[in-house]
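I have placed the structure first, in the form of structure tokens, so that the comments after it can refer back to it.
Each value in this text was obtained by applying a stated rule to the coordinates, not by laboratory testing. Note that the coordinates shown come from a computational prediction; the quantities given were computed from them, not determined experimentally. Positions of Cβ are backbone-derived with ideal geometry, glycine not excepted, and every protein chain shown enters the neighbour counts.
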Amino acid sequence: MTLREAYIYMLGILDTYYDITRNNELGGLLGGLSLFGPNPLGERPLDPASWDDWTKAVRKITSNDSLDDLQTLQATVSLLKEYNDNQGFDLKEVINFVQKQIDKIIEVRKTWKPNLR
């Protein structure tokens, strides 16, 4: 995924978690992270600093501009921890949820053996 595609993927995960839990802290954060614009290619985060925060979180995981699902989730945790630790949001439950998804992917990757026939 590109950085932009990974951002949209991250928003989808957080939106889904919000829809299930109605976590007020996450709801407040999603307001700034949400995209607006005339079309998907022209959309930008409502809070322009959100994109900078996202790229910083990604750079903690990889220097590449292409991410896989695991890297995207790891960057999501990094972003959530930044907001939790330094910007006054209480996102521990959300962080735990995303971390569990990471753990599941890692476990599957450890045991998965491709059929090379």
Taking the chain as the reference, fit the longest principal axis to its C-alpha atoms, fit the long axis of helix 24-33 to the helix C-alpha atoms, and give the angle between the two in degrees, 0 to 90, nearest 10.
-> 90 degrees
Note down the nm distance, to one decimal, between modelled labels 7 Å out along Cα→Cβ at ALA49 and at PHE36.
-> 1.7 nm
Residue-wise, which Karplus ³J(HN,Hα) couplings in Hz belong to region 8-22, taking 6.51 cos²θ - 1.76 cosθ + 1.60, θ = phi - 60°, and x for glycine or proline?
-> 5, 4, 4, 4, x, 5, 5, 4, 4, 4, 4, 4, 6, 9, 6
In sequence order, calculated HN-Hα J values of region 59-76 (Karplus, 6.51, -1.76, 1.60; Hz; x Gly/Pro) = 5, 6, 9, 7, 8, 7, 9, 10, 10, 9, 4, 5, 4, 5, 5, 5, 5, 4
How large is the helix-only mean residue ellipticity at 222 nm for the chain, computed as the sum of -39500 (n - 2.57) over DSSP H runs with n ≥ 4, divided by its residue count, in deg cm²/dmol to the nearest 500?
-> -22500 deg cm²/dmol
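By how many nm would the segment from THR16 to ASP90 grow when fully extended, if each residue of separation counts as 0.36 nm and the alpha-carbon distance is taken off? Intermediate values should be presented prior to the final figure.
Working: separation 74, 0.36 × 74 = 26.64 nm, distance 1.78 nm.
Full-extension gain reported as 24.9 nm.
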Computed over the chain, the ratio Rg/Rh where both radii use C-alpha atoms and Rh is Kirkwood = 1.00
